[in-house]
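A short write-up of the structure that comes next.
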Amino acid sequence: HKMIFAGIVAGGCGSRVKSAVIPKQFIEIGGVPVIVRTVRAFLAVDSIDVVYVGIKPDWHEYTDELFERFGIDKERIRVIDGGADRNGTVMNIAEAMVAEHGENERDIILTHDAVRPFVTEKIIKDNIEAMAKHSACGTYMPAVDTIIRSDGEKVRETLNRSELYQAQTPQTFRLGDLRRNYYSLSEEQNKKLTDTCSVFTACNEDIYLVIGDAMNFKITTDSDLRMANALAELNEK
């Protein structure tokens, strides 16, 4: 039996939200912490067996209590310690899955940023579906704005918008492929990784595109936080 896991990456400390004293994945939006909203979105999809959350060790206990308080299904959630960086956290999650469920080449892992709480059911299901045919896929939005290249002062080049996409998450892989590819990288290659899909591009493997949604934005700045609050208010009506 093929298992489908979600790995929520919540290791960050949210330095770009000025108003936050706590990491932004714990900030409440409309009375519900960001991370609780994100986890609920994945638990709402029945085909997902277990949701793993990778968290900074000193927030581990806090997260456990939070999930308890918001009635998150204990059977389907695991909170584990994150790694030194994003991919370190993803790999800790991957290893925890293997430790608990054994190695099954066909198992699937959807990796997702804790700070994208408005991920849609469609995006999650489209990622799972794409894995029937592909060994890796990512969620991308066609660029709406014209994108330019610059050194920070002047416009150097206007890029062809029709070829440009913004990366979102989930990014979804077969667990076996992810571990094999990640452990085959040199330290040099590892330093250059920007996300988990780059593990596959570094190994010259194809990544299939799943189309994202503007709602699936990442809460990075104070203005994102304001937008998230407004959105939560609309959704709750």
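Below is a table of values for the structure above.
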read-out: Relative packing of 211-220, 110-119, which averages over residues the other C-beta atoms within 10 Å, highest first; value: 110-119, 211-220
read-out: Residue pairs, from the table Lys74/Lys191; Lys122/Lys154; Lys74/Lys122; Lys56/Lys133, whose Cα atoms sit over 32 Å apart; value: Lys74/Lys191; Lys122/Lys154; Lys56/Lys133
read-out: Using a Förster distance of 25 Å, the FRET efficiency for Val45-Cys203 (Cβ separation, nearest 0.05); value: 0.30
read-out: Student exercise, the chain dipole from Lys, Arg, Asp, Glu Cβ charges, in Debye to nearest 20; value: 460 debye
read-out: Net charge of Cβ neighbours under 15 Å - reference Asn160; Lys, Arg +1; Asp, Glu -1; value: 0
read-out: Length-normalised contact order for the chain - Cα pairs under 8 Å, 6+ apart - percent; value: 24 percent
read-out: Neighbour net charge for Pro117 - beta-carbon separation under 15 angstrom, K R +1, D E -1; value: -1
read-out: Chain lengthening between Arg106 and Ala84 when straightened (0.36 nm per residue, less Cα-Cα); value: 5.2 nm
read-out: Solvent-accessible heavy-atom area per residue, rounded to whole Å², over the chain at 1.4 Å; value: 51 Å²
read-out: Simple spin-label estimate for Met141 and Asp73 in nanometres, 7 Å along Cα-Cβ; value: 2.9 nm
read-out: Protection-proxy order for peptides 124-134, 159-169, each taking the mean of Cβ atoms within 10 Å per residue, highest first; value: 124-134, 159-169
read-out: Potential extension, Glu61-Met215 segment - 0.36 nm per residue separation minus Cα distance; value: 52.5 nm
read-out: Value at 222 nm in deg cm²/dmol, rounded to 500, when DSSP H runs of n ≥ 4 in the chain each add -39,500 (n - 2.57); value: -10500 deg cm²/dmol
read-out: Distance (nanometres) between label positions extended 7 Å along Cα→Cβ at Ser162 and Lys191; value: 3.9 nm
read-out: Where only alpha carbons of the chain are counted, the Rg and the Dmax (Å); value: 17.7, 55
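The values are calculated or read from the model by the stated rules, or taken from the named source; none is laboratory data. What you see is a predicted model, and the numbers here were worked out from it, not measured in a lab. Here the Cβ is made from the backbone with ideal geometry for all residues, glycine too, and neighbour counts use every protein chain on show. Calculation scope for accessible area: heavy atoms of the full protein, side chains included, ligands and nucleic acids excluded. Shrake-Rupley method; radii C 1.70, N 1.55, O 1.52, S 1.80 Å.
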